[in-house]
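Take a look at the structure below.
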Amino acid sequence: MSNTEPTVLRQDEGAVTVLTVSNPKRRNAFSPEVRSALVGHMDDIATDARIRSIVITGANNTFSAGGDLSTMQDMTAFEGRERIRAGRAMVESLWRSEKPIVAAVEGFAFGAGLSLALLADWIVVAEDASFCASFGKVGLMGDMGLFWTLPQRVSVGKARRILMLAEIVSANEALKIGLVEEIAQKGKALERAMLKAKTMAEAAPLPNRLTREALGQFPAGLDDMLAYEAHGQGLLFTSSDTKEGLASFFEKRPPVFKGA
Amino acid sequence: MAEKMTVNVTREGPISVLEIDNVKQRNALTMVVKEALVPALREAEENTDVRCIVITGAGGTFSAGGDVSLFGDMTPAKGRQIVFDQRKFLHLMLRGDTPIIAAVEGFAYGAGFGLAMAADHVVSAENAKFCAAFNKIGLMPDGGLLWTLPQRIGMGRAKDMLMCATVIDGIQAKSLGIADRLAKPTKALDVAMERAMHFASAAPLAVATIKSAFARYPLDLEAAFAIETDAQPALMNTQDAKEARRAFFAKEKPNFKGA
């Protein structure tokens, strides 16, 4: 396979794994190959005990231009439906991940590329990068979970503007409205994302797994969340990581968590 | 004599001030403190002369969180019960009728952060520090933070605070939406008392209805319509609504009675 074929590359660095969307001819657009490669990696990572956090980025200084328009030309309605269903598998593999995800965005995160970034827990964006829910420009609506993820991060008013007007959102604007969490210098998004992913990898994995799962159930009512925290905390109190956390607290040293 | 460990209650006009006083443990929410907090909240809540509750901490700090000394010897059932019982004060705060202001100096960590986020309004000293410190000892957030924090600051930043135990100072807290008002160091309670007078002068039944609606979050559009359709006609016929109409036309300040 030549390196111009659409795929997702995986590279591990200690407890962090980096997934790089690579589709050089189409600015890392989501072809069916990219989608299935991403789901395959997420399946492997789920059972790989060495890996504690995930970074998602794009090759060649851009995140992703979104869906692959060249494959949408002569699509029937049911082919389109299959395509969205395949997209859903990708969304679920990321959203249901028990390991935290950091997105490193350079260049463009447009259309489904924006949707992909928003599935991350933490988004680092290069100062000159931009976002756009560009679906409307080709007569489509937002997909890959955008109707659910976007209003969780920004206000409903902002979400309407982004989705209905396909406004291009600059990195600074994105930080201001809470669409992303961090800005990096141009070319440094991945470096900053690795630092954040390392912090997440060193954090106690069991509570973060439960936290991520609880927040993944949103929107949820007060009593659902109070029940969740009582059940979860009851289990965590007896974990060896909590013993280690308490010992390190009283001994005034950094804890070493094992995820047990 | 044993160290003092209680919640001090004082009244200033329509405002009830609850001060967590367990200075030796930086106002940790021990079982004793929680058992004092529940009746203090309930009495303030049931007293219709109290129009606003201010929660603060003694000795220049809000609360360092849970009682770490309890966590060493735990079973799942015991741990679950301790966390489950926190709903006694969380329900009183989140489902009560009386607006609650947290006045935060020093640390609001762990369950102390949860306590602050369960308030309707948060006044923070510029140099106060907020942290969901739970996962530093291998625990998940409790004190209602899974529900309260994303509502205040959005999912991305909530995940950062909950999953990375990121420490936020008062100034950052204000820009994120964790705090609603900033105060100079040591002045959080003063500013909170000023803010409390504003909340205390609002029409109490309307305030109670608003609190009750928000306690039912998330609301879909139909549920929100149902609440306003049911509650607004009742409010329209209160003495307070009549008083407000009279005061409006007389160009006076209304005097609400909660009736």
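Read the figures in this text as sums done on the coordinates, not as results from a lab. Just so it is clear, the structure is predicted and the values come from calculations on it, not from any experiment. Virtual Cβ from ideal backbone geometry, glycine too; neighbours counted across all protein chains shown.
Side notes on the structure shown:
- Considering only B:P185, B:A203, B:L219, the residue lying farthest towards the positive end of the dipole of chain B is B:P185, judged by Cα position with unit charges set on Cβ.
- Counting only alpha carbon atoms, the long axis of helix A:222-236 and the longest principal axis of chain A meet at about 50°.
- Cα-centred dipole magnitude for chain B, charges only on beta-carbon of K, R (+1) and D, E (-1), debye, nearest 20: 280 debye
- C-alpha center-to-center spacing [region B:215-248, region A:51-129] in angstrom: 43 Å
- Compactness of the protein assembly as shown - radius of gyration and Dmax, Cα, Å: 24.9, 84
- Over 21 Å (Cα to Cα) - which of A:K99/A:K258; B:K187/B:K211; A:K158/B:K211; A:K25/A:K176 fall in this group: B:K187/B:K211; A:K158/B:K211; A:K25/A:K176
- Simple point charges give the picture: +1 on the Cβ of Lys and Arg, -1 on the Cβ of Asp and Glu, and for the protein assembly as shown a dipole about the Cα centre of about 540 debye.
- Entry for region B:134-259 at q = 0.09, 0.11 Å⁻¹: log10 I(q)/I(0) = -0.43, -0.62, Debye formula applied to identical alpha-carbon scatterers, no solvent contribution.
- Here's the list of lysines a cross-link from B:K184 could span, going by alpha-carbon distance under 21 Å and ignoring same-chain residues fewer than 8 apart: B:K129, B:K174.
- Cα shape, region A:105-223, gyration tensor, a/c 1.5 rule: oblate
- Nitroxide proxy distance, nm - points 7 Å out along Cα→Cβ at A:R88 and A:R253: 5.1 nm
- Considering only the Cα atoms of region B:204-250, their convex hull presents on average a projected area of 3.5 nm².
- For region B:162-190 and region A:174-205, distance of Cα centres in Å: 22 Å
- For region A:207-260 and region B:14-70, distance of Cα centres in Å: 25 Å
- Candidates B:A179, B:A213, B:A116, ranked by Gaussian network fluctuation over chain B, Cα under 10 Å, top entry: B:A213
- Here's the list of aspartates and glutamates a cross-link from B:K136 could span, going by alpha-carbon distance under 16 Å and ignoring same-chain residues fewer than 8 apart: A:E202, A:D241, A:E244, A:E251, B:D67, B:D160.
- Stokes-Einstein diffusion for region A:7-202 at 10 °C, viscosity 1.306 mPa s, with a Kirkwood radius from C-alpha pairs, works out to 96 µm²/s.
- Residue order for B:T30, B:T166, fewest other beta carbons within 10 angstrom first, comes to B:T166, B:T30.
- Assuming charge only on the beta carbon of Lys and Arg (+1) and of Asp and Glu (-1), the dipole of chain A about its Cα centre is about 320 debye to the nearest 20.
- Dipole of the protein assembly as shown computed with +1 at Lys/Arg Cβ and -1 at Asp/Glu Cβ about the Cα centre; of A:A133, B:Q151, A:I101, farthest Cα towards the positive end is A:A133.
- B:T61, A:T242 arranged by Cβ crowding within 10 Å, fewest neighbours leading: B:T61, A:T242
- Rg over Rh for region B:6-201 works out to 0.94, using Cα positions for both radii and the Kirkwood form for Rh.
- Tensor-based shape of region B:49-135 (alpha-carbon gyration tensor, a/c under 1.5 rounded, otherwise prolate or oblate): oblate
- With at most 12 other Cβ atoms within 10 Å, longest stretch of chain B clear of loop GluC sites (Glu not before Pro) (DSSP): B:4-251
- Of A:E33, A:E181, A:E82, the one that fluctuates the most in a GNM where chain A has Cα springs shorter than 10 Å: A:E82
- Applied to region A:160-165, the Karplus parametrisation 6.51 cos²θ - 1.76 cosθ + 1.60 on θ = phi - 60° returns per-residue 3J(HN,Hα) values of 4, 4, 5, 7, 8, 9 Hz, with x for Gly and Pro.
- Coil-residue trypsin sites (Lys or Arg not before Pro) of region B:153-259, DSSP, other Cβ within 10 Å capped at 10: B:K251
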